[in-house]
Amino acid sequence: MISGTQIEVLLNEDVPYGDLTTTAMGIADKPGFMAFATRSNVVVAGVEEAAAVLRGLGLEVEVCHRSGDVLLPKTLVLQTRGSAGLLHCGWKVAQNLLEYCSGIATRTHDMVVKGRAVNPHLQIAATRKNFPGTKSLSAKAVLAGGGIIHRLGLSESFLLFDNHHNFFSSPAQLFAAVAAARRKLPEKKICVEVKNFEDAVQFAQAGAHVLQFDKNSPEELREWIPRIREKYPVIVIAAAGGVNADNIQNYARTGIDLVVTSWVYFGKPADIAVCIQAS
């Protein structure tokens with residue numbers, strides 16, 4: 001849930017000194033009503049945060065649907081009552097939260113539905129490439145859409161990239177370090193980014209729990225995965241790099257366990273209609 005401090009920051013960005021228009025027009029104290037509704041099919045998210053912003057202004061709020069609900073067009077999400085001045089102060093902040101979070105949730109849901117249509121146990125994991133400053137909102141939106149979070153940050157997960165390799169003088173030293181890391185972190189999963197079959201096998205031998213193939217084609221994965229699973233049947237295999245709603249079924253059919261994607265964060269916000277009227 002969004003904190004009081006975060007609410008204050010969001011409101012100060014948009015209305016640091018109140019709404020000049022309603023004040024100048026002499027309607028700031030007049031009672032009014034504001035409703036937020038969907039314009040299209042959407043997985044709604046950010047509802048609780050939008051409601052918290054409106055309540056933080058002293059408005060009465062009724063939440064009609066929760067984050068994660070799959071809604072049809074023209075569905076009422078939340079509504080609020082109060083003075084015209086306060087309604088206009090909360091209008092865009094609440095709408096932006098709903099639209100951006102719901103956009104992420106809807107794209108995530110789209111990938112989940114398409115991927116599981118051909119691979120029922122597939123998981124969609126969103127990366128930490130969210131826009132800076134939006135991690136908590138982005139993560140909640142992904143969860144609302146049925147996805148999971150790949151990594152919350154560097155401190156709680158182990159993921160070996162190519163750039164880490166550059167600090168070792170030989171492959172043998174690198175693979176020995178991976179084996180040592182597994183012993184040092186017995187409660188953690190050792191995840192390694194790989195780009196070809198040979199590297200995948202070597203890291204599996206070194207004790208990796210998860211092989212994350214980066215920017216490989218579905219055709220390559222379809223050839224490699226059965227060969228890897230023949231010797232390492234419980235290893236987790238992920239596909240990352242360029243996977244989106246248009247090609248996810250091609251990747252899902254390869255037998256991967258997990259898609260790692262940033263695609264869900266970047267796209268059109270959901271379209272949430274706002275109606276403000278006098279009451």
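Here are the numbers for this structure:
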{"quantity": "Failed item, numbered, when residue 15 is tested on (1) among the hydrophobic types (A, V, I, L, M, F, W, C); (2) modelled with pLDDT of 95 or more; (3) more than 22 Å from the chain's Cα centre (by Cα)", "calculated": "(2)"}
{"quantity": "Residue tally, condition buried (at least 24 other Cβ atoms within 10 Å of the Cβ) and under 13 Å from residue 151 (Cα atoms), over region 260-272", "calculated": "2"}
{"quantity": "Filter pass, residue 213 being under 23 Å from residue 156 (Cβ atoms) and assigned to a strand (DSSP E or B)", "calculated": "yes"}
{"quantity": "Top-ranked residue of region 66-81 - restricted to ones that are buried (at least 21 other Cβ atoms within 10 Å of the Cβ) and of a type outside the set (A, V, I, L, M), ranked as nearest to residue 277 (Cα to Cα)", "calculated": "80"}
{"quantity": "Residue that is surrounded by the most Cβ atoms within 10 Å (Cβ to Cβ), among those in region 223-250 that are of a type in the set (Gly, Ala, Ser) and part of a loop (DSSP other than H, G, I, E, B)", "calculated": "245"}
{"quantity": "Long-range neighbours under 7 Å by Cβ, at least six apart or interchain, first residue within 21 Å of residue 138 (Cα to Cα) within region 28-43, second buried (at least 19 other Cβ atoms within 10 Å of the Cβ) and of a type in the set (Ser, Thr, Tyr)", "calculated": "42/102; 42/106; 43/102; 43/106"}
{"quantity": "For residue 152: the one exception among (1) touching a His at 6+ places or on another chain (Cβ under 9 Å); (2) under 22 Å from residue 122 (Cβ atoms); (3) loosely packed, with under 14 Cβ neighbours inside 10 Å", "calculated": "(1)"}
{"quantity": "Odd one out for residue 160 among (1) closer than 19 Å to residue 114 by Cα; (2) of a type outside the set (Phe, Trp, Tyr); (3) more than 20 Å from the chain's Cα centre (by Cα)", "calculated": "(1)"}
{"quantity": "Residues satisfying the stated conditions in region 100-114, i.e. crowded, with 24+ Cβ neighbours inside 10 Å and either touching a helix residue (DSSP H, G or I) at 6+ places or on another chain (Cβ under 6 Å) or of a type outside the set (Ser, Thr, Tyr) (or both)", "calculated": "101, 103, 104, 105, 107, 108, 109, 111"}
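The values are calculated or read from the model by the stated rules, or taken from the named source; none is laboratory data. Every value quoted in this text rests on a predicted model; they were computed, and no experiment measured them. Note that each Cβ is placed from the backbone with ideal geometry, even for glycine, and that neighbours are counted across all protein chains shown.
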